[in-house]
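Right, one structure below, let's go through it.
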Amino acid sequence: MKLKDGFLLKEIAGSWVVVPVGEQVVDFQMMITLNETGAFLWEKLKTETTKEELLDALLSEYDVEKSVAETDVDEFLKILSEKELLETE
C-alpha cells in the first residue's frame, strides 16, 4: 500500500497537517492533523510498504508494546482508507 499522490505533510506551529496539492485541492473537503506517530507512519507510506513493515518501523522507532503498536497501525490505516488517501490496487 501507498499514499495517493497529491498530498504533502507540513509541520505548522508544532502540529503536523496534511495539505492537498494539485488536483486534490478541489476535491479535498477536510483537514487532517497528525501527531508525531501519525506523521512518522505517513512518511513511511510515501513509498510502497506493507502493514508489517509499518509495524516493524514503529517498534524500532518508539518504545511501545507490539499489541499497542499494532492497534495504532490498524487504526491509522483504517482512517486513511476511509478518507480514500491510500492507493488501491
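The values are calculated or read from the model by the stated rules, or taken from the named source; none is laboratory data. Only a predicted model underlies this, so the values are computations on that prediction, with no experimental measurement involved. Note: ideal-geometry Cβ built from the backbone for every residue, glycine included; neighbour counts use all protein chains shown.
Being out of contact with any strand residue (DSSP E or B) (no Cβ under 8 Å at 6 or more places or on another chain), polar (S, T, N, Q) and closer than 25 Å to Lys10 by Cβ narrows it down to one residue among Thr37, Thr71; which is it?
On the way: Thr71 fails: closer than 25 Å to Lys10 by Cβ.
Exactly one of Thr37, Thr71 is out of contact with any strand residue (DSSP E or B) (no Cβ under 8 Å at 6 or more places or on another chain), polar (S, T, N, Q) and closer than 25 Å to Lys10 by Cβ, namely Thr37.
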**Item:** Yes/no for Val25 being at pLDDT below 90 and either outside any strand (DSSP E or B) or loosely packed, with under 13 Cβ neighbours inside 10 Å (or both)
**Value:** yes
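In the stretch 65-86, which residues are among the aliphatic types (A, V, I, L, M) and at pLDDT 95 or above?
Within the stretch 65-86, the first condition is being among the aliphatic types (A, V, I, L, M), and the residues that meet it are 68-69, 73, 77, 79-80, 85-86.
Matches in the stretch 65-86: Val68, Ala69, Val73, Leu77.
Does Asp5 meet the test of being surrounded by 11 or more Cβ atoms within 10 Å (Cβ to Cβ), modelled with pLDDT under 95 and acidic (Asp, Glu)? Quick ask: steps written out before the conclusion?
Working: surrounded by 11 or more Cβ atoms within 10 Å (Cβ to Cβ): yes; modelled with pLDDT under 95: yes; acidic (Asp, Glu): yes.
So Asp5 passes the test.
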**Message:** Go through the stretch 52-64 and report how many residues are surrounded by 12 or more Cβ atoms within 10 Å (Cβ to Cβ) and either small (Gly, Ala, Ser) or touching a Gly at 6+ places or on another chain (Cβ under 9 Å) (or both).
**Reply:** 1
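Taking the condition of being in a helix (DSSP H, G or I) and more than 24 Å from Gly14 (Cα to Cα), how many residues in the stretch 40-56 meet it? I'd like the intermediate steps shown before the answer.
Residues of the stretch 40-56 that are in a helix (DSSP H, G or I), as a first pass: 40-44, 51-56.
Cutting the leftovers down to more than 24 Å from Gly14 (Cα to Cα) gives us 51-53, 55-56.
So the answer is 5.
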**Request:** Could you give me the residue pairs with C-beta distances under 8 Å whose first residue belongs to the stretch 65-89 and is surrounded by 13 or more Cβ atoms within 10 Å (Cβ to Cβ) and assigned to a loop (DSSP other than H, G, I, E, B), whose second residue is of a type in the set (A, V, I, L, M) and modelled with pLDDT of 90 or more wherever it lies, and which are 6+ apart or on separate chains?
**Result:** Leu85/Leu3
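With respect to Leu59, determine if the residue is in a helix (DSSP H, G or I), more than 18 Å from Leu9 (Cα to Cα) and modelled with pLDDT of 95 or more. I'd like the intermediate steps shown before the answer.
On the way: in a helix (DSSP H, G or I): yes; more than 18 Å from Leu9 (Cα to Cα): yes; modelled with pLDDT of 95 or more: yes.
For Leu59, the condition - in a helix (DSSP H, G or I), more than 18 Å from Leu9 (Cα to Cα) and modelled with pLDDT of 95 or more - is met.
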